[in-house]
1. Return the single residue from 14, 61, 80 with maximal mean-square fluctuation; model: Gaussian network over the chain, springs between Cα atoms under 10 Å.
2. Can you run phi through the Karplus equation (6.51, -1.76, 1.60; θ = phi - 60°) for segment 83-96 and list ³J(HN,Hα) in whole Hz, with x for Gly and Pro?
3. Where Lys and Arg each count +1 and Asp and Glu each count -1, what net charge lies around residue 106 among other residues with Cβ under 15 Å from its Cβ?
4. Give me the Kirkwood hydrodynamic radius of the chain, using the inverse of the mean 1/r over all pairs of distinct Cα atoms, in Å to one decimal.
5. First select every other residue whose beta carbon is under 15 angstrom from the beta carbon of residue 45; then total the charges, Lys and Arg +1, Asp and Glu -1.
6. If a/c stays under 1.5 just call it rounded; otherwise compare a/b with b/c (prolate if a/b is bigger, oblate if not). Do that for segment 58-117, with a ≥ b ≥ c from the square roots of the Cα gyration tensor eigenvalues.
7. Can you put 15, 99 in order of Cβ neighbours within 10 angstrom, beginning with the fewest?
8. Tell me, what is the percent relative contact order of segment 3-67, built from C-alpha pairs under 8 Å that lie six or more residues apart?
Amino acid sequence: MFKEKEGGFLARTLINAVAIYITAGFIKGVNISGFGACIVASVVLGIVNAVIRPILVLFSLPINILTLGLFTFVINGISLLIVSMITSGFYISSLGSAIVASLIISIVSSVISLFIL
């Protein structure tokens, strides 16, 4: 069972790396130096989503309730901006670009997951 989860993490990391690479081609404010940087960004994104994102969600709960959950898009964009600050070779120019990029990454990774996982 442990190996299955480990393989799931590897598959999810590669899927997110491909999604980041595709997104960099569509969004003007997202730059990536190569596929290796995509893999590193994907791993860092997993860590940020596991550690930092829950804290952001908790502190932004009142505004998230007021916006009926739409503020979650901003939280996802902030998470992606944090990843770009940590990862060399992965750059996002603005919060707006990060929000749009997070939407595209989510859509692309979901579509790829439908066919692979």
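1. Comparing 14, 61, 80 in a Gaussian network model of the chain, the most mobile one is 61.
2. The phi angles translate into 4, 5, 6, 7, 8, 7, x, 10, 10, 10, 7, 8, 5, x Hz.
3. Details: positive: 12, 53; negative: none.
Net of charged neighbours comes to +2.
4. That comes to 14.5 Å for the chain.
5. Numbers: positive: 12, 53; negative: none.
Result for the neighbourhood of residue 45: +2.
6. Details: a/c = 2.30, a/b = 1.19, b/c = 1.93.
Note, shape of segment 58-117 comes out oblate.
7. Numbers: 15 21, 99 18.
With the fewest neighbours first, 15, 99 line up as 99, 15.
8. Working: 24 pairs, mean separation 19.4, N = 65.
Relative contact order comes out at 30 percent.
None of the figures in this text is laboratory data; all of them are computed from the coordinates on show. Just so you know, these numbers come straight off a predicted model, no measurement behind them. Every residue, glycine among them, receives a Cβ derived from its backbone with ideal geometry; neighbour counts consider all protein chains shown.
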